[in-house]
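**Student:** First the structure, which I've put down as structure tokens, then a few questions once you've had a look.
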Amino acid sequence: MSTIANGVWPTMITPYTEDNKIDYDAVLRIIEWYDKQGVTGIFAVCQSSEMFFLTKEERLALAKFVVENTPKHIGVIASGHVAASKEDQIEEAKAIIDTGISSYVFISNQFAKPEESEETARENIEYLIDRIPDATFGIYECPYPYKRLVTPETLKWCADTGRFQFLKDTCCDLDMLQAKVNAVKGTDLKIFNANSATLLESLKMGCAGFSGVMANFHSDLYAWLCKNYETQPALAKKVQDFVGLASVIECQCYPVNAKYHMNLEGVKMGISSRSRDMAELTSSRKIEVEELHDLTALFRETFLN
């Protein structure tokens, strides 16, 4: 297992053919686009990938395809942690790990039910990792089916096992992020912020990068920010202001709008989704996405070229 490099890890979307199968030609085009955008790695088979709406066979095949077709300088992590029973979770985790991913990402809400304690969550984490040897892990604070944030104490416990390398944090709270950064200081566990609005401040406090849905719109801006925020602070503030405000588009009808935006980028694919009705992307919403695309190009030309 390789280490998790700092930078941008997009949450990869899944395109479909007209007969509702995974469009692997379009998946390949997405990978090529990510590479041109300067991402560090790809987070495949996640919620953006509609993993809850993929079959077990599709999740495994998708992970395998992404690993086999991603350039070696780009890392790949994957989840697929949706099974109900621990035994099924372990079986699928091992299968996805065998595809050659850098780390397998657990979903935090699978560790315990909403009413269950952190002690129960830690017991379940220990049960899982003890039965999946020779692998490293990540955690994603996925908001579906319910959002369970990892406490700083539990995160430190995970880091101290020596098995965890990655947290996709969705708390959207700088005070909590700081507590988590402090909790894992000196360990191998890195925190990647999924929230655009707080990204710059989170980088300053010690987060390792960005792993969020907006990397499907303009990964290059996030890559620039992660790389240059220390050496070009004034310009970094401008980039932060832009990506933070632009991120309101994710409240529209994601991932349908991201697929529409990919087409504007020349990454051809259908915009259908298993998790959202593509009819939600109304004509006015399409115009909003088009305007964001044009404004992003203007921002690059004005400030980054």
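**Student:** Could you look through segment 244-297, keep only residues that are β-branched (Val, Ile, Thr) and touching a Lys or Arg at 6+ places or on another chain (Cβ under 7 Å), and pick out the one that is nearest to Glu201 (Cα to Cα)?
**Tutor:** Val256
**Student:** For segment 256-305, which positions are in contact with a strand residue (DSSP E or B) (Cβ under 8 Å, 6 or more places away or on another chain) and of a type in the set (Gly, Ala, Ser)?
**Tutor:** Correct list: Gly270, Ser272, Ser273.
**Student:** Right, another one. For segment 2-27, name all the residues that are assigned to a loop (DSSP other than H, G, I, E, B) and buried (at least 22 other Cβ atoms within 10 Å of the Cβ). Give the derivation first.
**Tutor:** Here is the first cut: in segment 2-27, the ones assigned to a loop (DSSP other than H, G, I, E, B) are 2-6, 9-10, 12-15, 17-21, 23.
Of everything in segment 2-27, those that are assigned to a loop (DSSP other than H, G, I, E, B) and buried (at least 22 other Cβ atoms within 10 Å of the Cβ) turn out to be Ile4, Trp9, Pro10, Met12, Ile13, Thr14, Pro15.
**Student:** Mind checking whether some residue in segment 119-136 is under 24 Å from Ser48 (Cβ atoms), surrounded by 20 or more Cβ atoms within 10 Å (Cβ to Cβ) and under 19 Å from the mean Cα position of the chain (by Cα)?
**Tutor:** Taking every residue of segment 119-136 in turn, at least one turns out to be under 24 Å from Ser48 (Cβ atoms), surrounded by 20 or more Cβ atoms within 10 Å (Cβ to Cβ) and under 19 Å from the mean Cα position of the chain (by Cα).
**Student:** Shifting gears a bit: State yes or no: is Ser275 touching a Phe, Trp or Tyr at 6+ places or on another chain (Cβ under 9 Å), surrounded by fewer than 19 Cβ atoms within 10 Å (Cβ to Cβ) and closer than 22 Å to Asp35 by Cα?
**Tutor:** Values: touching a Phe, Trp or Tyr at 6+ places or on another chain (Cβ under 9 Å): yes; surrounded by fewer than 19 Cβ atoms within 10 Å (Cβ to Cβ): yes; closer than 22 Å to Asp35 by Cα: no.
Judged against the criteria, Ser275 is not a match.
**Student:** Another question, then. Taking segment 172-189 only, how many residues are under 19 Å from Arg122 (Cα atoms) and either touching a residue at least 60 places away in the same chain (Cβ under 8 Å) or not β-branched (Val, Ile, Thr) (or both)?
**Tutor:** Of the residues in that region, 5 qualify.
**Student:** Right, another one. Can we say Ile30 is under 24 Å from Ser272 (Cα atoms) and not in a loop (DSSP other than H, G, I, E, B)? Spell out how you get there, then give the answer.
**Tutor:** Numbers: under 24 Å from Ser272 (Cα atoms): yes; not in a loop (DSSP other than H, G, I, E, B): yes.
When the stated conditions are applied, Ile30 passes them.
**Student:** Before we move on, is Leu203 under 24 Å from Val76 (Cβ atoms) and of a type in the set (A, V, I, L, M)? Before the answer, list the steps.
**Tutor:** Details: under 24 Å from Val76 (Cβ atoms): yes; of a type in the set (A, V, I, L, M): yes.
Taking the combined requirement at face value, the residue satisfies it.
**Student:** Only residues that are touching a Phe, Trp or Tyr at 6+ places or on another chain (Cβ under 7 Å) and either farther than 16 Å from Glu141 by Cα or of a type outside the set (D, E, K, R) (or both): list them for segment 168-203, please.
**Tutor:** Once the filter is applied, which keeps residues that are touching a Phe, Trp or Tyr at 6+ places or on another chain (Cβ under 7 Å) and either farther than 16 Å from Glu141 by Cα or of a type outside the set (D, E, K, R) (or both), segment 168-203 yields Leu189, Phe192, Asn193, Leu199, Leu200, Leu203.
**Student:** Moving on to the next point. Looking at (1) surrounded by fewer than 19 Cβ atoms within 10 Å (Cβ to Cβ); (2) in a helix (DSSP H, G or I), which is the one condition that is false for Thr187?
**Tutor:** Failing condition for Thr187: (2).
Here is a yes/no grid of residues against (1) over 21 Å from Gly41 (Cα atoms); (2) touching a strand residue (DSSP E or B) at 6+ places or on another chain (Cβ under 8 Å):
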residue: Tyr144; (1), (2): yes, no
residue: Trp157; (1), (2): yes, no
residue: Asp175; (1), (2): yes, no
residue: Val184; (1), (2): yes, yes
residue: Thr198; (1), (2): no, no
residue: Ser211; (1), (2): no, yes
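For every residue, the table says whether it meets (1) in a loop (DSSP other than H, G, I, E, B); (2) touching a residue at least 60 places away in the same chain (Cβ under 8 Å).
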site: Gly212; (1), (2): yes, yes
site: Trp224; (1), (2): no, yes
site: Lys227; (1), (2): no, yes
site: Leu235; (1), (2): no, yes
site: Asn263; (1), (2): no, no
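**Student:** Further question: Which residue out of Ser202, Ser219 is touching a residue at least 24 places away in the same chain (Cβ under 8 Å) and either within 13 Å of the chain's Cα centre (by Cα) or under 28 Å from Glu290 (Cα atoms) (or both)?
**Tutor:** Working: Ser202 fails: either within 13 Å of the chain's Cα centre (by Cα) or under 28 Å from Glu290 (Cα atoms) (or both).
It is Ser219.
Every read-out reported here was derived from the displayed coordinates using simple, explicitly stated rules and does not represent laboratory data. This one's a predicted model, so the numbers in the text were calculated from it and none came from an experiment. Note: ideal-geometry Cβ built from the backbone for every residue, glycine included; neighbour counts use all protein chains shown.
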